[in-house]
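Data block below; observations after.
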Amino acid sequence: MSNYRIETACVQGGYTPGNGEPRQIPIVQSTTFKYASSEAMGKLFDLEASGYFYTRLQNPTNDYVAAKLAQLEGGTAAMLTSSGQAANFYAIFNIANCGDHVVSCSTIYGGTFNLFSVTMAKMGIEFTFVSPDCTDEELEAAFRPNTKAVFGETIANPALTVLDIEKFAGAAHAHGVPLIIDNTFATPVNCRPIEWGCDIVTHSTTKYMDGHGCAVGGAIIDSGKFDWMAHADKFPGLCTPDDSYHGITYAEKFGKEGAFITKCTAQLMRDFGSIQSPQHAFYLNLGLESLHVRMPRHCENGQAVAEFLASHPKVEKVNYCGLPGDKYYELAQKYLPNGSCGVVSFELKGGRAAAEAFMGKLKLAAIETHVADARTCCLNPATSTHRQMTDEQLAAAGIPAGLVRMSCGLESKYDLIEDIKQALEAVD
Ligand SMILES: *Cc1c(COP(=O)(O)O)cnc(C)c1O
C-alpha cells in the first residue's frame, strides 16, 4: 500500500480485507477480547506479543484508521485519540514532564494555547511562545537546557499564519529535540510536514478529516525518524527501562519507528484513557475516503471568497495565504503549492460591531464554534473560542477583536459570495 499515491491511500489505505472479509472496515464494537490461556494474555501485557485485550488501549477499527493516517502523512506509526486536545496533550506529555520546557509558536489554536499555558503549566511544564515570524536569533534564544520539543501549526487556527517548517525543524534538531506539528488545517492532502523535517504530526480529526461535523477525534503520527537514543539523556522515558511495563526500554525494543507511539499507547492511553470510540473511527474513515476530493473544493471556495472580500470597500483586511500580497503567500507557495484550506479571516472597517452585525445577516454561513466542515460557518474568535485570552494575548496570537473567521464549505462559491455580498450591504 505504501507506494500508492495519496488519493489511493485515502480510499484504500490501512485495511486490506482477506477472502470473504468485509469490504468496508468492520466496527469492532467490543470492549474486550478473548484468549485461550492466561499465559497468552500475559504476553500481551508484557508487550511481548501484539494483540488486543482491552479497547481503552487499542481496538482493531481504530488501528485500521490509524494505519491509514500513518500512510497519508508518510509516518511509521499512528494512534487515534478521543479529540485533537488529547492528541496534542499526549504528543507533548509523552516526552516532556514536570521540570521540562517546550518552545511553541504563539499562533496556535486557542484550546491548545490554554492547554499549554494554563493546564500543562500547572503540571510543571513550562512553555516559551515565539512568533512564527521570529528571527533565527529569537528562536535560538527560546531554547533552554531542559527543552524537550518544539511545537507549531502548519496553518494556524485562526490566525492563518503559515509555519516555516524547515526553519523550525532545523532549530529543534540543532538542540536535539523533535518538532511536533499540528497539521489539522492543511491535512496531508495539502502538506506533509514529515517531508519537510517534522518528527511528529498531530491532528484534530474533528475538522477536515471527518469533514462532515459528525465526530470529535484526534490523531498522532510518528515519522519514525527521530533518533531518541542519540539524545538519551533528554528522553529518559523512551531510553531507560519503564518499571510500569516490566522494565521495557521503548527506544531499544521498538526502535525509532515504533517507540513513540508504543510508549504513548502503553502509558498515556492506559492511564488517561482518551481513546476514540470504534464508531467514531468508522465515521472518520468515511471522511478520509473523500478527503482528497473535498480539500481542493474547500480551497477553491476559500480562494474565491478571499478574493471577493479583498476587493470589497467595507473590508479592512483579509488573511488568506492564497492571496498574492498576503504576508504568508511565499511560504504557502513553498509548503502548500496545491492550496491551503477553506478558512479565511477578515476584519471589517467597522470593527467588532460591524463584524457582529455582518454575521447576523448571513444566511448560508451559520455562526458556529467549528471549522472545516462541508457547511460554511463563521465565528468571531474574540467572543467565543478565544474568550479566555487577554487583549495582549489575542494580539500576540494575531487575532484582533473584530476578526471574523469564515470556514468555506463545499457549497457553490457563487452562492457563498452572494450571501456575503448581501450581508455586507446590510451593515454600515
Ligand atoms: C480544533 C483544533 C484542535 C482541538 O481539537 P478538538 O478535536 O476540538 O479537541 C487542535 N488544533 C487545531 C489546529 C484545531 O483546529
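Taking θ as phi - 60° and the Karplus parameters 6.51, -1.76 and 1.60, the scalar couplings of region 291-300 work out to 4, 5, 8, 6, 4, x, 6, 4, 5, 4 Hz in sequence order, x denoting glycine and proline. For the chain, modelled as a GNM whose springs connect Cα atoms under 10 angstrom apart, the maximal fluctuation among 330, 356, 39 occurs at 39. In percent, rounded to a whole number, the relative contact order of the chain is 16, using alpha-carbon pairs under 8 Å and six or more apart.
Beta bridges from DSSP with both residues in the chain: antiparallel share about 60 percent, rounded to the nearest 5. Restricting to region 292-425, what percent of DSSP beta bridges are antiparallel, rounded to 5? That works out to approximately 85 percent antiparallel.
Assign unit charges at the C-beta atoms only (+1 for Lys and Arg, -1 for Asp and Glu), then state the dipole size of region 17-286 relative to its Cα centre in Debye, rounded to the nearest 20. Kindly include the intermediate steps, with their values, before the conclusion.
Numbers: 17 positive and 28 negative charges, 166 e Å.
Dipole magnitude for region 17-286 comes out near 800 debye.
Rounded to the nearest whole Hz, the Karplus-based 3J(HN,Hα) values (6.51 cos²θ - 1.76 cosθ + 1.60, θ = phi - 60°) of region 159-166 follow the sequence 5, 6, 6, 10, 7, 7, 4, 4, with x at glycine and proline. Fully extending the segment from residue 370 to residue 286, taken as 0.36 nm per residue of separation minus the present Cα-Cα distance, adds 28.3 nm.
Only helices enter this figure: runs of n ≥ 4 DSSP H residues, each worth -39500 (n - 2.57), summed and divided by the residues of the chain, yield -10000 deg cm²/dmol at 222 nm to the nearest 500. For region 115-193, the set of chymotrypsin sites (Phe, Trp or Tyr not before Pro) satisfying both a DSSP loop assignment and a count of at most 15 other C-beta atoms within 10 Å is empty. Modelled this way, with points 7 Å down the Cα-to-C-beta line, the labels at residue 414 and residue 300 are 1.3 nm from one another.
Counting only Cβ charges, +1 for Lys and Arg and -1 for Asp and Glu, the dipole size of region 77-232 around its Cα centre is about 460 debye. The distance linking region 249-289 with region 167-210 is 17 Å (Cα centroid to Cα centroid, whole angstrom). For region 265-280, putting each phi into the Karplus relation 6.51 cos²θ - 1.76 cosθ + 1.60 with θ = phi - 60° gives couplings of 6, 5, 9, 6, 5, 4, 8, 9, x, 8, 7, 7, 6, x, 4, 5 Hz, in residue order, rounded to whole numbers and with x for Gly and Pro.
Report the charge-dipole magnitude of region 292-425 in Debye, nearest 20, computed about the Cα centre from +1 at each Lys and Arg Cβ and -1 at each Asp and Glu Cβ. Mind dumping the intermediate values first?
Numbers: 15 positive and 16 negative charges, 13 e Å.
Once rounded to the nearest 20, the dipole reads 60 debye.
Readers should treat all values here as calculations from the given coordinates under stated rules, not as data from a laboratory. As the structure is a prediction and not an experimental result, all values here were calculated from the model. Note: ideal-geometry Cβ built from the backbone for every residue, glycine included; neighbour counts use all protein chains shown.
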